[in-house]
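Peer 1: Structure incoming, see below.
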Amino acid sequence: MTDNKGPRDDRWYLPLMAPNTKGDKFAWLDPTSIYINGKAFHDLLDDLCAELDPDTIDVVAGLDAMGFVLGAGIATRLGKGFLPIRKAGKLCVETDSATFKNYSGRTQDMEMRKPAFAPKTRVLLVDQWVETGGSMHGAIQLVEQQEGQVAGMVAIVMEDNENTKAYREKYHCVTAVVPGSEWQRQANAQTLDSFATYKPEMAFPV
């Protein structure tokens, strides 16, 4: 695989991501093996945080569930608080709710504690992978219901479609997979060349 050359294109950890082995009910790949490997996880956070200005962010919100991992890591790096945005029925306090369609086309609800922040609070939204943009749409609704401001979006990748194009035009979006790169092309096709040589032990902690 040959990526475009540039300061954000050394993404040595992306081949650690595993292909889906369980069928259509699951996402087409699993990035969690990046998190298992300490160097990979820290380099991923370095690459994402390099494109963020802490002075423009008041709180980091992670989307249930794997957005919690990236979101909490980024919040810690930036010295900010962390706000979990949960799937419906998980919070034991009063909540705001929003309905969205996930990557599989199923309708789901997500919730956020009420109140979570003061009006005009700047909220950075973080998810592991943005495929159709449905989960992000739900998170935006929740932030706006409490009169917050979306400070930007972060993910390992945003696949290219009309929804994510609109997000990139409206918000500061940071992704480990660089738009326009060979990695982006493969992500859009929902298959990576690295799947052919993937082995779980590549990501084992050392």
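Peer 1: What does the chain give for Rg and for Dmax, in Å, if only its C-alpha atoms count?
Peer 2: Radius of gyration, then largest Cα-Cα span, for the chain: 16.6, 50 Å.
Peer 1: Taking loop as defined by DSSP and a crowding limit of 15 other beta carbons within 10 Å, which GluC sites (Glu not before Pro) in the range 88-132 fit? Intermediate results must be reported in sequence, preceding the final value.
Peer 2: Numbers: sites: 94, 111, 131; in loops: 94, 131.
Passing both the DSSP loop test and the Cβ count: 94.
Peer 1: With r as the distance between the Cβ atoms of residue 50 and residue 26 and R0 = 25 Å, compute the FRET efficiency 1/(1 + (r/R0)^6) and round to 0.05. Spell out each step's value before the answer.
Peer 2: Numbers: r = 31 Å, r/R0 = 1.23.
The pair residue 26/residue 50 has a calculated efficiency of 0.20.
Peer 1: Here is a further query. Highest GNM mean-square fluctuation, the chain, Cα pairs closer than 10 Å: which of 26, 100, 41?
Peer 2: 26
Peer 1: Kindly state, to the nearest 0.05, the FRET efficiency for residue 94 paired with residue 12, given R0 = 41 Å and r defined as their beta-carbon distance.
Peer 2: 0.40
Peer 1: How much of the DSSP bridge set in the chain is antiparallel, in percent, rounded to the nearest 5? Could you put the intermediate results ahead of the total?
Peer 2: On the way: 11 of 30 bridges.
Here the share of antiparallel DSSP bridges comes out near 35 percent.
Peer 1: If you build a Gaussian network model of the chain, linking Cα atoms that sit under 10 Å apart, which residue out of 96, 55, 64 swings the most?
Peer 2: Of the options given, 55 has the highest mean-square fluctuation.
Peer 1: Write down the radius of gyration of the range 105-206 and its Dmax, each obtained from C-alpha positions, in Å.
Peer 2: Using the Cα atoms of the range 105-206, the pair Rg, Dmax is 16.2, 49 Å.
Peer 1: Using Cβ counts within 10 Å as a stand-in for footprinting exposure, how do 193, 160 rank, fewest first? Display every interim value, and only then the final one.
Peer 2: On the way: 193 12, 160 15.
Listed from fewest to most nearby Cβ atoms, that is 193, 160.
Peer 1: Hey, another quick one. Along the charge dipole of the chain, which of 166, 188, 115 sits closest to the positive end, that is, farthest toward it, with unit charges on the beta carbon of Lys, Arg, Asp and Glu (+1, +1, -1, -1)?
Peer 2: Among 166, 188, 115, the one farthest towards the positive end of the dipole of the chain is 115.
Peer 1: Any aspartates and glutamates with Cα under 18 Å of the residue 199 Cα? List them, leaving off those in the same chain fewer than 8 positions away.
Peer 2: Within the straight-line limit of under 18 Å, residue 199 reaches these aspartates and glutamates: 30.
Peer 1: Related question: Quote the FRET efficiency, to the nearest 0.05, computed for residue 141 versus residue 165 with a Förster distance R0 of 22 Å and r equal to the Cβ-Cβ distance.
Peer 2: Computed FRET efficiency for residue 141 and residue 165: 0.70.
Peer 1: To continue, here is another question. Residues of the range 167-195 with the amide nitrogen closer than 19 Å to a label point 7 Å from the Cα of residue 202, along Cα-to-Cβ, please.
Peer 2: Backbone N within reach: 176-178, 181-195.
Peer 1: Lys pairs in the range 50-189, Cα-Cα under 22 Å, at least 8 apart or on separate chains: how many?
Peer 2: Count of close lysine pairs: 9.
Peer 1: By DSSP, what percent of the beta bridges with both residues in the range 66-177 are antiparallel, rounded to the nearest 5? Show your work: numbers first, answer last.
Peer 2: Working: 9 of 19 bridges.
About 45 percent, rounded to the nearest 5.
Peer 1: Mind running the shape call on the range 1-92? Use the C-alpha gyration tensor, a ≥ b ≥ c as the square roots of the eigenvalues: rounded below 1.5 for a/c, prolate if a/b tops b/c, oblate otherwise. Walk me through the numbers before you get to the answer.
Peer 2: Working: a/c = 2.31, a/b = 1.08, b/c = 2.13.
It is oblate, given that a/c is not under 1.5 and a/b is not larger than b/c.
Peer 1: Label-point separation (nm) for residue 106 and residue 72, each offset 7 Å from Cα along Cα-to-Cβ?
Peer 2: 2.4 nm
Peer 1: Among 200, 151, 83, whose Cα lies farthest out toward the positive end of the dipole of the chain, if unit charges sit on the beta carbon of Lys, Arg (+1) and Asp, Glu (-1)?
Peer 2: Selected residue: 83.
Peer 1: Return the sequence-ordered ³J(HN,Hα) values of the range 180-190 in whole Hz as given by the Karplus equation 6.51 cos²θ - 1.76 cosθ + 1.60 applied to θ = phi - 60°, using x for Gly and Pro.
Peer 2: Karplus values, whole Hz, x for Gly and Pro: x, 7, 5, 4, 5, 4, 5, 5, 4, 7, 6.
Where a number appears in this text, it was derived from the coordinates with a stated rule and is not lab data. Not measured: the values here are computed from a predicted model. As a convention, Cβ positions derive from the backbone with ideal geometry for all residues, glycine included, and neighbour counts pool all protein chains shown.
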